[in-house]
Structures are given as C-alpha cells and as structure tokens.
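J.: Structure provided below as structure tokens; questions to follow.
Every number here is computed from the coordinates shown, using simple stated rules; none is lab data. Given the structure is predicted, the values throughout are model-derived calculations rather than measurements. Here Cβ is always computed from backbone atoms with ideal geometry, including for glycine, and neighbour counts include all displayed protein chains.
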Amino acid sequence: MPVFVYTAKPQPDKVLKGRIEAESRQDAIRKLTQQGCFPIDLEPERPAPSQRPHRGLRRPSQREIALMTHQLSVLTESGINIINSLGMLSTQTKTPFFKNLLEDVMARVKNGCSLSEGFCAYPTVFPPVYVAMVHAGEVGGHIDTSMSRLSGFLEKEEEFKESLRGALVYPAFILSLSLVTVVVLLTFVIPRLAGIFEDMGQLLPLPTKMLMEISQGLGRYGWFLLAAGVFFFFLGRRVVLTAPGRLSFDRWKLKAPLWGDIALKTEVSRLLRTLSLLLSSGIPILSALDVAVCVVDNQVVRKDIEGVKVQISGGLSLSAAMAKSRLIPEFTLDVIRVGEESGVLEKALLRVADEYEREVDRALKTLVRLLEPSIILFMGVVVGFIVFSMLLPIFQINMVVS
C-alpha cells in the first residue's frame, strides 16, 4: 500500500509530522481527519536514495529508451498494470543504470506517484515531451495509446538521426584518412628524402624547396600547432556554450551555404512532428508549444517559436501566428492553414514533418555526392604536388647523368 508523508495540526498550537499508509491521497486525508488532525502538507513518500540509479553507470541510449517504451506499450495494451509492467522490464534489461532507474520509478508508483511523476525525476533521460505524453495518457485514461505513439515517435526520431549521421560518416572518414596520409608524408617520408638530396649537394627546384620548408616547419612547430589547435577548439567550444555565442553560432548555421536549408528543415521537422504528437493526445496548443519548443536545438529557431507562442496567446491561430515568423517556410504555412480549416491539424503537421525529412534526406545525399569527389580531388592535388616535388630532383639527376 502507498505510504504518504504528512504534516498536520492536531491542535492549533501543535504541529505533527509522520507517515501514513493509504490507498490514495484522498484516503490519507480522510484517515488523518478521522484522527482529529488537520493536514497541512501531504506528499507520497520518496524511495530511499540507495534505490536511485548509481552515478557513473552508462546511461540508456535513445534506442534503448524507444525499445523500453515499445515494450511498455505492448504490456499495457495486454492489460498488465503499470507496476507489473515496470517490474517485468526491470528484470529483462541488461543496462545497470536503466535497471536501477526502472526499479526506482516502480517504487515511486507503488508509493503513490503517477508514472509521469516517476519519469519526471530523470529529466536527463526522459525529455519534457516524453513526460507530457505520459501525463496526457494518464489524464485521458489511455496510457497504452500514449506509449504506443511515443514509441513510434522515438523510433522515427532515431531513424532520422541515424540518416544524418550515416550521410556524413563517409566524407569525414575520407577527409581524416587523407589528412593523416599528408601528415605522415610531411613528417616522416620527406625529411628522409631531404637528407639524401642535401648529401648530393644539388640545387633543388622551387617546388621541392617549398615542400621541404613546409616539412621542416611542421617538424619544428608541429606540437605547438597541435596545442594551439586544441586550445582554440576548446576556447571556441566554451564561447559557443555561452548564450550570445550559441545564438551567433546557430545564426551562422542557418545562413551557411548548402547546410543552412538542411539545418532549418531539420529543426522545423522535429518541431512539427512533436507538436503533432502532443496535439493528437489532446494537449492544448499553447501547452503543446511549450513542450515542443524544447526539442528545438537551434536558439534562433527557438526564439522565433517563442514569438509564435506570444501571437497565439493573443488570439491568433497557429497558421496566422506562424505567418509572422521569418523562418517558417511558405509551404508549411499553406498546409497548416488547410489542416486548421479541415479540422485535421495533427495530420497536416505530421505530413509536413514527413515531407521535410524526405527533403533533408535528399539534400544530404546530394551534399555527400558533392563532397566525396571534392575531397578526393583536393587531396589528390595535394598528394600529387608532394610526389611531383620529390620526384623532380630525381629527374634532374637522371638528366645530368645522361
């Protein structure tokens, strides 16, 4: 039976604190009243700190959370109550942190908390949209439907992130491998060949002299350049972590050639998909926007959506408020306007989100097709120049000998 911690007044000048077992909060108030106490504060007893997940353990990935959500939706749809469902999941999971987390949430639910309150205790694992969806399912009495929608939402988000990462892995690998090759040539191969040329006492051609100067400079100042690069990297990262720095960096990302359109459509897609999920669960538009804006990483887009919220609170519709935005594309406004007029706003938002995800996927593939030959051509020119500069003195020696 759940346990509640209470503060009550048995007499006007006396305060009593204690614990009481009751089926619900109202039942606890009734029992205290029957004992002649006036409740001042009444909260479910929290689990002991030892039940909380241990720090330092690996946190669950987004894919693991999506899998847990899917399993929880299947169990609740099968008629199994939340406590038993959480217990079954905690025994199945192999991640220590996740296992302890589920046990802690189960203990909270046993002690009178709702499932959304249990998840809310771990904001780094369960984002606001997750908690809001679970809470909406609890209020509406359809927690199984909410968990099923959440599962689909998380799986779609993970697929989208995987496509973004997968599209950029190969160009990054080619660039890294090419840079390592050039550094090895400049720091190990060329100095040895340079020693041979110096022993010959031959006048070296200009390209070879330039290459040897670059190699010698890299040998002398290589560690300094590496340290400076690391320093400026962490300095830039520190600047970006500040509010003005993050805003400037996000503004630059939206204006960057080729990447700006991809970045904007990615943010709009995530926003609209989340908004569609929340609205379909019966959450009011302003509350849904409050939660949906949390999934937007770009601070410029987030500020723009904050302005949309102000316009809606002033009485405008979603399409009219977004029409005042500088970032929302016209196509989005047209589809949302039609969705509002036909009463299927949630489906309209989801349709736009799907379309933008397809456009981002096509744009990324085009960008990769442009990057791959560009990187290969550039590195081919660099390596070709190195090889030509080192072979040129050898050709001269052969000409002199002949």
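J.: Is the chain rounded, prolate or oblate when judged by the Cα gyration tensor, a ≥ b ≥ c being the square roots of its eigenvalues, rounded requiring a/c under 1.5 and prolate requiring a/b larger than b/c? Don't skip to the end; give the middle numbers.
T.: Values: a/c = 3.00, a/b = 2.06, b/c = 1.45.
Note, shape of the chain comes out prolate.
J.: Ok, one more. Quick one: give the max-minus-min coordinate of the C-alpha atoms of the range 251-320 along each principal axis, largest first, in Å.
T.: Here the spans come out as 38, 23, 18 Å, largest first.
J.: If you don't mind, another one. How much net charge surrounds L115 when only the other residues with a Cβ under 10 Å from the Cβ of L115 are counted, with Lys and Arg +1 and Asp and Glu -1? If you can, show how the numbers build up before the last one.
T.: Working: positive: R108; negative: E117, E138.
After counting each charged neighbour, the total is -1.
J.: Which of V268, V335, V129 moves most in a GNM of the chain, Cα contacts under 10 Å?
T.: Highest fluctuation of the listed residues: V335.
J.: How would K265, K156, K303 line up from fewest to most surrounding beta-carbon atoms within 10 angstrom?
T.: On the way: K265 20, K156 17, K303 14.
By the 10 Å Cβ count, ascending: K303, K156, K265.
J.: Which of M106, M390, M68 moves the most in a Gaussian network model of the chain with Cα springs under 10 Å?
T.: Taking springs between Cα atoms under 10 Å, the residue moving most is M390.
J.: Could you check which residue among T274, T76, T187 shows the biggest mean-square fluctuation in a GNM of the chain with a 10 Å Cα cutoff?
T.: Fluctuation is largest for T187.
J.: Could you check the simple spin-label distance between E355 and F388, using points 7 Å along Cα→Cβ, in nm with one decimal?
T.: My value for the distance between the label points is 5.0 nm.
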